[in-house]
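A.B. asks: One structure coming up, written as C-alpha cells, with questions to follow.
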Amino acid sequence: MDWASVAGVLLALAGIIAGQTMEGGKLTSLLQPAAFAIVVVGTFGAVLLQTRFKTFVRGVRMLRLVFAPPKDTRAALARDINAWNLAARRDGLLSLERYMLASKDQFNTKGLRLIVDGIAPEKLRQLLDTEITAYETAERQAVRIWESAAGYSPTIGILGAVLGLIHVMENLTDPSKLGSGIAIAFVSTIYGVGLANLFFYPIANKLKAIVTQAVHQQEIAAAVFYDIATGDHTRVIDERIATLLREH
C-alpha cells in the first residue's frame, strides 16, 4: 500500500471540509447527488467517447496502482542480469534457456529467447525496441484517460452550473425550489474543478511515473540482452546495473 497516496487523498478532502467548516458552511451543502452525477457521469462519458473501450477499461484498472504500486524489481533484475551474464560467459548463450523457462516476466523471457534462438544482435535490439514502444504506447494511452477526465470535468462542472441556473429560472415563482437549483449550480463547479485538480491530474501523473519506471527498466534489460548477444565486456553490463540501481 502506498500510504502517501492515501494520505494525499485524505489531506485534500480534509482541506475542503476544514475550509467549509471554518467559513461557517455546512458539510451537507457540498453533498449534491445531482451535481455529482452530472460531473462524474458526464466526464467519463466524454472520456469513453474519445477512447477505445479496451483502453478505457485498462486505464480504470490502472487506478489501483496509485494506491498499490507494483513491487520494486530493480534489485531482482540486477541479480538476474548478473546471473545471465555469468552463465553466458561460462557456459555459452544456449545455457540461458533455463533462465528463459524460469522467468515470469514476458519481456525478459522474450529477450532471452531471442538470444537462445541465435537472432543477430542488431535484429534482437530492433525487436526489443519495438516491443518497448508498443508497451509504452498502450500504457500511456490508458493513463491518458485520467488526463482527459481532468480536462473535461471543469467544463462539465460549468455545464452543471448552467443546468442549475436554468432550474432556478424555471422556478422563480416558487421560492422553495430556488435553493436546490442554486446549490446544484455552484456545487457542480466545485466538483468539476476539485476532481480535476485534486484527483484526476494527480492520478495521471502518478501513473505516468510508474509507466516511465517500467519502460526504463525494459530499456536497460534490452541493452543488456544486446550486450550479452554481442559478447560485450562485463564492465559495460556492470555500468548498466549501476544505472538501474540509481533510479528513483
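The values are calculated or read from the model by the stated rules, or taken from the named source; none is laboratory data. What you are looking at is a predicted structure, and each value in this text was computed from that prediction instead of being measured. Counting neighbours? That spans all protein chains shown, and the Cβs are built from the backbone with ideal geometry, glycine included. These accessible areas exclude ligands, DNA and RNA; they are computed on the full protein's heavy atoms, side chains included. Shrake-Rupley method; radii C 1.70, N 1.55, O 1.52, S 1.80 Å.
A.B. asks: What's the angle, to the nearest 10 degrees (0 to 90), between helix 3-22's Cα axis and the longest principal axis of the chain?
C.D. replies: Here the helix axis deviates by roughly 10 degrees.
A.B. asks: Relative to the Cα centre, what is the charge dipole magnitude of the chain, using +1 at the beta carbon of each Lys and Arg, -1 at the beta carbon of each Asp and Glu, and rounding to the nearest 20 debye?
C.D. replies: For the chain, the charge dipole is close to 360 debye.
A.B. asks: Of GLY194, GLY24, GLY151, which has the largest mean-square fluctuation in a 10 Å C-alpha GNM of the chain?
C.D. replies: With Cα springs under 10 Å in the chain, the top fluctuation among GLY194, GLY24, GLY151 is at GLY24.
A.B. asks: Right, next: If I stretch the segment between LEU101 and LEU27 completely, what's the gain in nm (0.36 nm per residue apart, minus their alpha carbon distance), one decimal?
C.D. replies: Between LEU101 and LEU27, full extension yields an extra 20.9 nm.
A.B. asks: Hey, what do the phi angles of the range 152-168 turn into as Karplus ³J(HN,Hα) couplings, whole Hz, using 6.51/-1.76/1.60 and θ = phi - 60°, x for Gly and Pro?
C.D. replies: My calculation for the range 152-168 gives 7, 4, x, 5, 5, x, 5, 4, x, 5, 5, 4, x, 5, 4, 4, 5 Hz in order.
A.B. asks: Additional query: Using a Gaussian network model of the chain whose springs link C-alpha atoms within less than 10 Å, name the residue from THR43, THR137, THR21 with the highest mean-square fluctuation.
C.D. replies: Comparing THR43, THR137, THR21 in a Gaussian network model of the chain, the most mobile one is THR21.
A.B. asks: As a check on your grasp of the helix formula, calculate [θ] at 222 nm for the chain: sum -39500 (n - 2.57) over DSSP H runs of n ≥ 4, divide by the residue count, round to the nearest 500.
C.D. replies: Taking each H run of at least 4 residues, the total per residue is -27000 deg cm²/dmol.
A.B. asks: Using +1 at the C-beta of Lys and Arg and -1 at the C-beta of Asp and Glu, which of ALA161, ALA221, ALA209 has the Cα lying farthest in the positive direction of the dipole of the chain?
C.D. replies: ALA221
A.B. asks: Let me ask something else about it. Run the count for the chain, please: Lys pairs, Cα-Cα under 25 angstrom, 8 or more apart or on different chains.
C.D. replies: Taking the Cα cut-off of 25 Å, the pair count is 14.
A.B. asks: Using θ = phi - 60° and the Karplus form 6.51 cos²θ - 1.76 cosθ + 1.60, what ³J(HN,Hα) does each residue of the range 201-207 get, whole Hz, x for Gly and Pro?
C.D. replies: Values per residue, Gly and Pro as x: 5, x, 4, 4, 5, 5, 5 Hz.
A.B. asks: Given the options GLU131, GLU170, GLU147, which has the most mean-square fluctuation in a GNM of the chain, springs set between C-alpha atoms less than 10 angstrom apart?
C.D. replies: In the Gaussian network model the winner is GLU170.
A.B. asks: I'd like the Karplus ³J(HN,Hα) series for the range 222-229: coefficients 6.51, -1.76, 1.60, θ = phi - 60°, whole numbers in Hz, and an x wherever there's a Gly or Pro.
C.D. replies: 4, 5, 5, 4, 5, 4, 5, 5
A.B. asks: Give the accessible area for PHE186 in Å² (nearest 10); use a 1.4 Å probe, count only protein heavy atoms, and leave out ligands, DNA and RNA.
C.D. replies: Accessible area, nearest 10 Å²: 140 Å².
A.B. asks: With every protein chain left in place and a probe of 1.4 Å, what is the accessible surface of VAL60, to the nearest 10 Å²?
C.D. replies: Taking all protein chains as shown, VAL60 has close to 60 Å².
A.B. asks: For the range 1-131, give the magnitude of the charge dipole about the Cα centre (Cβ charges: +1 Lys/Arg, -1 Asp/Glu; no others), in debye to the nearest 20.
C.D. replies: The calculated dipole for the range 1-131 is roughly 260 debye.
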